[in-house]
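Inspection log for the structure reproduced underneath, given as C-alpha cells.
The values are calculated or read from the model by the stated rules, or taken from the named source; none is laboratory data. Everything numeric here is computed off the predicted structure, so don't read it as measured data. Note: ideal-geometry Cβ built from the backbone for every residue, glycine included; neighbour counts use all protein chains shown.
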Amino acid sequence: MFLINCPYCGERDQSEFSCGGEAHIVRPKQPTELSDNQWAEYLFMRKNIKGVQFERWNHAHGCRKWFNMVRDTSNDKIHAVYKMGEKPPVE
Amino acid sequence: MTKFRVNKTKHVDQTKTVSFNFDGKSYHGFDGDTLASALLSNGVHLVGRSFKYHRPRGIMSCGSEEPNAICQINEDTDLTEPNVRATEIELYEGLKASSQNCWPSVNFDIGGINNFISPFIPAGFYYKTFMWPKSFWKKIYEPLIRWSAGLGKSPTKPDPELYDHKHVHCDVLIIGGGISGIIASKIAAKNNLRTILIEDKNILGGSTIFQKNENYKINNKYSSEWLDEEIVELQKLDNLTIKTRTSLAAYHSYNYLLAKENISDHLPLDKRNGDIRQRLWKIRADKVLVATGAIERPLVFNNNDRPGIMLANSVKKYLDFYGVSCGFNNVIFTNNDSAYETAVSLKEKGISVEIIDIRKKSNSKIVKNAEKLGVKIYWNSTIVNTFGHRKINSIEIMNLSEDGSNVVGDKNRINCDCLAVSGGWTPMVHMHTQSGGKLDFRENDQTFIPTEIDENHINVGSCNGDFELEEIINNTNKKVKNFLKVSETEFDNTSVLNSKELDKRNIWLLPNYISEGKCKSFIDFQNDSTVKDIKLALREGFKSIEHVKRYTTTGMATDQGKLSNMHALGIIADTVGVKMGTLGTTTFRPPFTPLTFGSIVGRSVGKFFDIIRKTSIHEWHSQNNAKFENVGQWKRPWYYPINDEGLHDAVQRESKAARDSAGILDASTLGKIDIQGTDASEFLNRVYTNAWSKLGIGKCRYGLMLNEDGMVYDDGVTTRLGENHYLMTTTTGGAANVLSKLEDYLQTEWPELDVYLTSVTDHYSTASICGPNSKKILTKIFPDKDFSDEAFPHMSYQNAKIDEINCRIMRISFTGELSYEINIESKYGKSLWEKCIEVGKEFKITPYGTETMHLLRAEKGFIIVGQDTDGTMTPIDLQMDWIVSKKKYDFIGKRSLYRSDTIREDRKQLVGLLTDDPNEVLEEGAQIVSDVNKKPIEMIGHVTSSYFSPNLNKSIALAVVKSGKKMNGQKLIVPMENKNINVTVSDSVFLDKENKRIYA
C-alpha cells in the first residue's frame, strides 16, 4: 500500500489509484499501414521488468486524471511522477 | 489455592477467584491469569493432541509462539472460535474451552494409533499413498482425509459480534511494549512527536517486568522496579497513545501497518454488552520502531515433545509473573545462560531444580549465582530420551563427545515432573522482513538479525539481536535519538548491571546413541515434523528451504513455525554441509498471528458488504411485488409476479402483453455519458465502429464499441442533442468502464480533442414504453405532441414537458416494437412512472422486468454484450458487418479486424438455433456438437441465450458456433446429461425481419 503523489491532487493512498500498465507506448497514427506483426507489437507486447519501470496510473477515485510514474518494481520506490505529455526523467 | 500456586505476585489478584471450564471439567484460577497459567496452577499440562501422530502435548510457552496449547473457545454455534492459544486467552468468569484434534478425549484418543504406525507415515505420505487405486479417491481417501484434517471446529452460524476499522496517522509507531519499546516511546513522546505504542499483552513491560534478580540492575534498582517507574512516567505523557491487547498483524510498504485490538475478548460474556469485539487499526506512520523482542528456542532431542517439557523463560514467567510453579522437581536443559535465571528463581523459592548444560563450562555471574544456591549442574551433557506418557516423569542423559557430534559414557536417569529447555534466542524479525527488510546472519549465536536500510524504520532491543540488558538500554537510547533526530539526555547516563554471557555452544540436532530412524526428535510441534522428515526430504532431492518446508509442512501450522523455522534451517545446513547464513530464510508473511475474519471485514457485512444502487422508481417496484436481480451494483426488477406466479409464467405473460398492447420497463440503470465539445463528433467517430459526422441534430444512432483488439466491448444508442452535444448510453454493467476507457483515450492519445465527458447515469430516470399501443399512451401523456412517423420518426428525439417538467423522449427500440423512452430528472422519475402506469391502464400497460426484456430482444435477434459476447467476438463474428464503417480511416479496434486470427472463417459466429421439438428449451451455456459418434467429440460452440417465445409459440436460442455463418439450415446436436437435443441452425432474427412493428 504505497503513497502516490498525484500531480494534480498531492499525496494519496494507493487504493485511490489504478495502474494502466507500461507508459510511453504511442498508439500508431496510421494503423492500417502496419503489418500484423507491427500491430501485434503495439497491441500485445508489454515489459514486465524487475527494477525501474515507467507506468501509466489513473487517479480513479480522485481527479480521474491519468499521469505517468517511475517505479522500482522490486521495492515499490517511486522515483518520479509526471503529467501526461511531459518528458520522462532521464535518470 | 492449589498447591502449584506457590508465589504471590502483583500481576495476579489472588483475592478474586475466577471459575472456568476446560474439557468439561470445572477449575478455578484468579483475575490476571491466562487460560494456560490457570490450567498449570491446577496441575494440568496435557491440553491437546498433535496434528498427525496424535501425541499428547502440553503447554510449552507463555505467548503467541505457542504450538501445542491451542483450544476451541465457547460452545455456542455462532460464537465458537477454534485455534486460540491458551497462552494468550485472558481468563474470565465462565470461560469454556476445550482441547482440539482428539476423539473421544484428550486423555484417550483413538487417533493416537498414528503414533505407533508413524514409521509408515513419513513426510510426503499423503502425496505418495493416496494416488492409487484412482477409484478410491472420491469415496474413501477424500472423506477420510477430510475427517482427520483440520484443527478445531468452525462456527456454523453467522458471527453476531461487531467489528470495527480505524484509520490513524502518527509521527512514530512503536511496536512492542517491552523495555526497549518503553524507552523509545518515552524519547519520542517527550520530544513532541505524536506517538502510538502498541503491545499485544494486557500490560506493558515485556519480560523485564518480572525480572527480580541481583545480577540485573538499572540505576541500582531491580530492573523490574526501574521499569515500573518508567511506565508510570510514560502514562503521563500527552503525545502518547498506548494500546495494550493490540497485536501487529501486518507491516506493508510505505509504513502502512495493520494492528488488531482486542476490546472485549477478556470480559465475561455477560459483561460484553454487545460492544465492539475487535478493532482493526490501519496505521500510516511517518516512522516505525520495531521492538518486538525475541522468542526462546527449544532444543531438538529424542522425545522432546512430552507434556511438561516447556521453554525455560516461560517456566520463569509462570513462576514470577503468575505465581505458578510448573513442577516441583524441575530439570533445566540449556545451551546458554538465560535459563539460569529460571533456575535461580526456582531455587530461591525452595523448589528443586537441576541443570543439564551442553556447554563445557560457563563462568558468568548468573551461573555462579546458581551454583552458590546449590543447583546441581551436569556440564557437557545432553538428554538422549524422555519418559512419561501423559506427562514427563524422567529423562536419560549422557555426556557429549569433545566435538559434540556424539554421546559418550554411561546413561544416567533423572526423575523430573517439568523439563525447562532453552536453546538460545531468536529475534522476532517478522515485522522487519514483512516490510521488505533484509537479514544478516550472525555466526556466534546463529541468529538472523535485521539489516538496517530504511530511513523510516528501525529495530531496537532483542528483535535487533541485542540480548543483554546493557546493550538493550544503551543501543536503544542511541539508535532512537539518531533515528528521530532528537537530543534527549534522559537515558544517557543510565547505569546497568548485568551478567554477561561468555560461553556459547550451539548444536542444532543433539546427538544420540539411538539411531536417527528410531528417534522422535520434533522440530515443528504443531505439524509433527521431525528431524527424520527433514532428512528424508533432503535425501529425496529437495534442496530449497521453501521446498523442504512445503514437503514436510515444517513451519506451516497456525503458529507459522515461530519455534521451528530456525531449527529446520540449522539441521538442513548441517546435513547438507553448508553455512546456515547462505540458506536464507523462508518468507515471513502477514498476519503475524491469526486474524479473525470479522476484524478483516469490519462493518462491511450484510447490506454494507457492497454498495447497493436503486433507481428512483425502486419503491414502486417493491410495492408492486417485483422480484429483483443484481446487475452490477444495481437492483433491477427481474419480473413482476401476480399472485403466486413463478418466473416462467410471469415472463410469458409480460412478453405477450408488451407485443400485444403495451409494456413498460425501468431503463434508468443504463449508463449515460454526456459528451460535449467542438470535437465531440470526431471523438465518436474514433470510438465507435460506425460513422457519426452526418448524424443530424435530434437523431439517435446505435453504436458498437470495440477494444483495440477488435473485440466487442460495449454497445448502446447515442443521441445528438446539439451541434456539439451528445448523450451516450452504455450497458448497465459497463458504464463505469466505458467512461474510464474513453477518458483514457481522451487524456493520453488524443489530448488535442476538445471533448468533455460527464457521467449522468444517476441524473436521469428512464421509462421505456413499448408495444403497438405505446404511441396512444404517449399521446395521452403529451397531448400537444405530434407522434406521427413524419413528425417523430424512429431513431429520433424531442424535448417535451410533463406538468412543466422538462424531459426528453427518444423513439428507439430494444424490443423490436414501436417504442419510446422518456428521460426525466431523477427526482421526478417515480412520478413520471406512476403517470405512465395511470394513463396506460386503459391499454393494460404491463410493467416488465429484465427477464422479459431479454426475451423480447432475443426474439428480435438483438445481442446483449456480455451474454452473447464474451470478449472474443468481433462485429463480424456477430454477423453485424453492417455497423463497421468501411470508409473511416481509423477507429478503436479497426486494425485488429483484419489480423490473421480475426479473419479466420472458422471462428465462432452468432447464429439462431431452433429445437426440433418446439417445446424443448435449451440450457444457456450448453455445448453444441455436430457428431456424437466421432470420439473425442468436438465441441463446436455453445448456447448464449435461450427462451420459450410466447409470441412465436416455440423455443428460440442464440448461439455461437464455429463457421456458423455458413451453416443455416444445418442439423446440430446439443448433448445433455440424459439425452441429445436435435437443433437446426437458423437466422438469428426470429420475429419481424421486415421491421414492420417499430412503425406500427
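Would you call residue B:992 part of a loop (DSSP other than H, G, I, E, B), buried (at least 16 other Cβ atoms within 10 Å of the Cβ), among the acidic types (Asp, Glu) and more than 41 Å from the chain's Cα centre (by Cα)? If you could, list the steps in order and put the result at the bottom.
Values: part of a loop (DSSP other than H, G, I, E, B): yes; buried (at least 16 other Cβ atoms within 10 Å of the Cβ): yes; among the acidic types (Asp, Glu): yes; more than 41 Å from the chain's Cα centre (by Cα): yes.
Yes.
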Hey, residue B:607 in a helix (DSSP H, G or I) and under 36 Å from the mean Cα position of the chain (by Cα) or not
yes
Identify the single condition in (1) over 16 Å from residue B:657 (Cβ atoms); (2) in a strand (DSSP E or B) that residue B:783 does not satisfy, given that it satisfies every other one.
(2)
Residues (part of a helix (DSSP H, G or I) and within 10 Å of another protein chain (Cβ to nearest Cβ)) located in the range B:890-915:
B:895, B:896, B:898
Just checking, how many residues over the range B:40-58 are out of contact with any strand residue (DSSP E or B) (no Cβ under 6 Å at 6 or more places or on another chain) and modelled with pLDDT of 90 or more?
2
Among (1) within 14 Å of chain A (Cβ to nearest Cβ); (2) touching a Gly at 6+ places or on another chain (Cβ under 7 Å); (3) in a helix (DSSP H, G or I), there is one condition residue B:708 misses while meeting the rest; what is its number?
(3)
Do you know which residues across the range B:756-774 are more than 14 Å from chain A (Cβ to nearest Cβ) and either touching a His at 6+ places or on another chain (Cβ under 9 Å) or of a type in the set (A, V, I, L, M, F, W, C) (or both)?
B:760, B:767, B:769, B:770
Looking at B:632, B:696, B:663, which one is at pLDDT 95 or above, surrounded by 15 or more Cβ atoms within 10 Å (Cβ to Cβ) and not acidic (Asp, Glu)?
B:663
State the number of residues belonging to the range A:43-70 that are under 15 Å from residue A:17 (Cβ atoms), charged (D, E, K, R) and away from every other protein chain (no Cβ under 11 Å).
1
Scanning the range B:446-484 residue by residue, the ones that are within 31 Å of the chain's Cα centre (by Cα) and either closer than 16 Å to residue B:174 by Cβ or charged (D, E, K, R) (or both) total 12
Could you list, in sequence order, all residues of the range B:165-202 that are within 30 Å of residue B:605 (Cβ to Cβ) and assigned to a loop (DSSP other than H, G, I, E, B)?
B:199, B:200, B:201, B:202
Subset of the range A:4-42, residues in contact (Cβ under 8 Å) with a residue 60 or more places away in the chain and either within 25 Å of residue B:709 (Cβ to Cβ) or facing another protein chain (nearest Cβ under 8 Å) (or both), comes to A:23, A:24
If you scan the range B:316-368, which residues turn out to be part of a helix (DSSP H, G or I), touching a strand residue (DSSP E or B) at 6+ places or on another chain (Cβ under 7 Å) and closer than 21 Å to residue B:59 by Cβ?
B:318, B:338, B:339, B:342, B:343, B:346
Residues of the range B:296-314 that turn out to be touching a Pro at 6+ places or on another chain (Cβ under 8 Å) and either outside any strand (DSSP E or B) or surrounded by fewer than 24 Cβ atoms within 10 Å (Cβ to Cβ) (or both), as a count
3
Name every residue in the range B:722-742 that is under 34 Å from the mean Cα position of the chain (by Cα) and either more than 14 Å from every other protein chain (Cβ to nearest Cβ) or touching a residue at least 40 places away in the same chain (Cβ under 8 Å) (or both), in order of residue number.
B:730, B:731, B:732, B:733, B:734, B:735, B:736, B:738, B:739, B:742
Can you tell which of B:228, B:200 is free of Cβ contacts under 8 Å to residues at least 24 places away in the same chain and in contact with a Gly (Cβ under 9 Å, 6 or more places away or on another chain)?
B:228
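Residues that are assigned to a loop (DSSP other than H, G, I, E, B) and out of contact with any Leu (no Cβ under 9 Å at 6 or more places or on another chain): does the range B:254-262 have at least one?
Quick first cut of the range B:254-262, residues assigned to a loop (DSSP other than H, G, I, E, B) only: B:254-255.
Subset that is out of contact with any Leu (no Cβ under 9 Å at 6 or more places or on another chain): none.
No, the range B:254-262 contains no residue that is assigned to a loop (DSSP other than H, G, I, E, B) and out of contact with any Leu (no Cβ under 9 Å at 6 or more places or on another chain).
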For residue A:1, the lone unmet condition from (1) more than 9 Å from chain B (Cβ to nearest Cβ); (2) surrounded by 12 or more Cβ atoms within 10 Å (Cβ to Cβ) is (1)
So which residues in the range B:412-433 are more than 21 Å from residue B:508 (Cα to Cα) and in a strand (DSSP E or B)?
B:412, B:413, B:414, B:415, B:418
Which condition number does residue B:273 fail, the rest of (1) surrounded by fewer than 24 Cβ atoms within 10 Å (Cβ to Cβ); (2) touching a helix residue (DSSP H, G or I) at 6+ places or on another chain (Cβ under 9 Å); (3) not in a strand (DSSP E or B) being met?
(2)
